[in-house]
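**Student:** Please see the structure below; I have some questions.
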Amino acid sequence: MKEILNHLFEYKTLSKEISKEVLMNLAQGKYNNSQVASFITVFLMRSVTVEELSGFREAMMELCIPLDVSAYNTIDVCGTGGDAKDSFNISTITSFIVAGSGQMVVKHGNYGVSSVSGSSNVLQYYGYNFTNDSDFLIRKLETCNICFLHAPLFHPAMKNVAPVRKDLGVKTFFNMLGPMVNPANPNNQFVGVFSLELARLYGYLYQSLNKNYSIIHSLDGYDEISLTGNFKVIGNDGERILNPKDINMSQYAPEDLYGGETVEEAAKIVEKILNGKGSKAQNEVVIANAIFALITAQPTLDIATAKQKAEDSLFGGKAKEMFLKLLS
């Protein structure tokens, strides 16, 4: 590791192969915590390259416990986190709306690292028991169109990194990797990212993967469609910048998206919205994200049809039904 660190401290980058090798070693506990922290910190000081990110992804996918969902048309709805916006659990709620619309979701999630509450915190609050039992997860997928993959159970090698990430308490390249290393490797991916630079990196990487994808970034820094201003969508058919008015929605202020200060507050917001009692801002934001998730998995859909499906799911109670079925 000493040679690698010296190489990086000289402002040099790593090849895809070396990046993969380092992450494999790191995951297998071959470096001490100080070395791991130093390595992670390099990528807080400068941008990760496509080659480095690609190598890290390959290592994570090789080390994970896979879930075979190739018999189904599935999508992951996931954000990188790390946008420091303290918004409510938008992608979690979006996942249930998408599932309630009839589209199968393989949701990859974790505890919040740089936020109060990640998707795992919310589900655990409501008593969901995390598992990596494939039969159980496939059964959930078939009965409620959604299964939840708690990242630590599928990436056990990452336990050596977890304490360092927790102590650092800031977004790292592992936040960037999260949506890319879903162990089910679904054939559709809807992912929100916290910066335009990362959106471009993801774009380059996803072009080489055989799947439908949409990469979302709100230009004021959210890792989802926040409706607080313009947002960029990068997909198989190129990229475009849209405004809330383009999807017949209003523009909102950041405080309209506030997610609370505790896991309990965050969980209660999720419950309120799924009960159809969300504010206009909360409802429109989750529906906006569901629109583009549905179009990602079903490219023949237009915005109006996708919006109708999402609204029917949320206000017709199907999203809540999927949530309760997942918990049962």
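Values quoted throughout were computed directly from the atomic coordinates according to the rules given, and no laboratory measurement underlies them. Quick caveat, the model's predicted, so the values are computed rather than measured. Every residue, glycine among them, receives a Cβ derived from its backbone with ideal geometry; neighbour counts consider all protein chains shown.
**Student:** Too long at a 21 Å Cα-Cα cut-off: which of Lys85/Lys268; Lys171/Lys320; Lys245/Lys280? Before the final figure, lay out the partial values.
**Tutor:** Details: Lys85/Lys268 18 Å; Lys171/Lys320 31 Å; Lys245/Lys280 15 Å.
Long pairs (Cα-Cα over 21 Å): Lys171/Lys320.
**Student:** Also, I was wondering about something else. Taking the number of other C-beta atoms within 10 Å as the exposure measure, put Asp133, Asp83 in order starting with the fewest.
**Tutor:** Details: Asp133 10, Asp83 24.
Fewest to most other Cβ atoms nearby, the residues stand as Asp133, Asp83.
**Student:** A further question on this structure: Once amide H atoms are built 1.01 Å from N in the peptide plane, which residues 5 or more positions from Thr228, or in another chain, come under 5 Å H to H?
**Tutor:** The answer is Tyr252.
**Student:** Hey, another quick one. Of the chymotrypsin sites (Phe, Trp or Tyr not before Pro) in the range 250-328, which ones lie in a loop per DSSP and count no more than 11 other C-beta atoms within 10 Å? Present the calculation step by step, with values, prior to reporting the outcome.
**Tutor:** Working: sites: Tyr252, Tyr258, Phe292, Phe315, Phe323; in loops: Tyr252.
When the chymotrypsin sites (Phe, Trp or Tyr not before Pro) of the range 250-328 are filtered for loop state and at most 11 Cβ neighbours within 10 Å, nothing remains.
**Student:** Counting other Cβ atoms within 10 Å, keep those with at most 15, restrict to DSSP loop, and tell me which trypsin sites (Lys or Arg not before Pro) in the range 37-86 are left. Walk me through the numbers before you get to the answer.
**Tutor:** Values: sites: Arg46, Arg57, Lys85; in loops: Arg46, Lys85.
Within the range 37-86, the qualifying trypsin sites (Lys or Arg not before Pro) (loop, at most 15 other Cβ atoms within 10 Å) are Arg46.
**Student:** Hey, another quick one. So what is the relative contact order for the range 207-261, in percent, with contacts set as C-alpha pairs under 8 Å and at least six apart?
**Tutor:** Details: 78 pairs, mean separation 14.4, N = 55.
Contact order relative to length: 26 percent.
**Student:** List, in order, the whole-Hz ³J(HN,Hα) value for each residue of the range 261-278 obtained from phi through the Karplus relation with A = 6.51, B = -1.76, C = 1.60 and θ = phi - 60°; use x for Gly and Pro.
**Tutor:** So the J values, rounded to whole Hz, are 10, 9, 4, 4, 4, 4, 5, 5, 5, 4, 4, 4, 5, 5, 7, x, 10, x.
**Student:** Can you give me the relative contact order of the range 56-207 as a percent, contacts being Cα pairs under 8 Å and 6 or more apart?
**Tutor:** Details: 222 pairs, mean separation 57.0, N = 152.
The value is 37 percent.
**Student:** What percent does the relative contact order of the chain come to when contacts are Cα pairs within less than 8 Å and at least six residues apart?
**Tutor:** 22 percent
**Student:** Among the GluC sites (Glu not before Pro) in the range 232-321, which ones are in a DSSP loop with at most 15 other Cβ atoms within 10 Å of the Cβ? Mind listing them? Working shown, then result.
**Tutor:** On the way: sites: Glu239, Glu255, Glu261, Glu264, Glu265, Glu271, Glu284, Glu311, Glu321; in loops: Glu261.
For GluC sites (Glu not before Pro) across the range 232-321 that sit outside H, G, I, E and B with at most 15 neighbouring Cβ atoms in 10 Å, the list reads Glu261.
**Student:** Measure up Lys16/Lys159; Lys211/Lys318; Lys166/Lys309; Lys12/Lys211; Lys166/Lys318; Lys232/Lys325 against 30 Å on the Cα-Cα distance and list the ones that go over. Could the numbers behind the result be given before it?
**Tutor:** On the way: Lys16/Lys159 23 Å; Lys211/Lys318 27 Å; Lys166/Lys309 39 Å; Lys12/Lys211 32 Å; Lys166/Lys318 36 Å; Lys232/Lys325 34 Å.
Beyond 30 Å between Cα atoms: Lys166/Lys309; Lys12/Lys211; Lys166/Lys318; Lys232/Lys325.
**Student:** How large is ³J(HN,Hα) for each residue in the range 127-133, as worked out from phi by the Karplus curve 6.51 cos²θ - 1.76 cosθ + 1.60 (θ = phi - 60°), to whole Hz, x for Gly and Pro?
**Tutor:** With coefficients 6.51, -1.76 and 1.60, one gets x, 6, 9, 5, 8, 10, 6 Hz.
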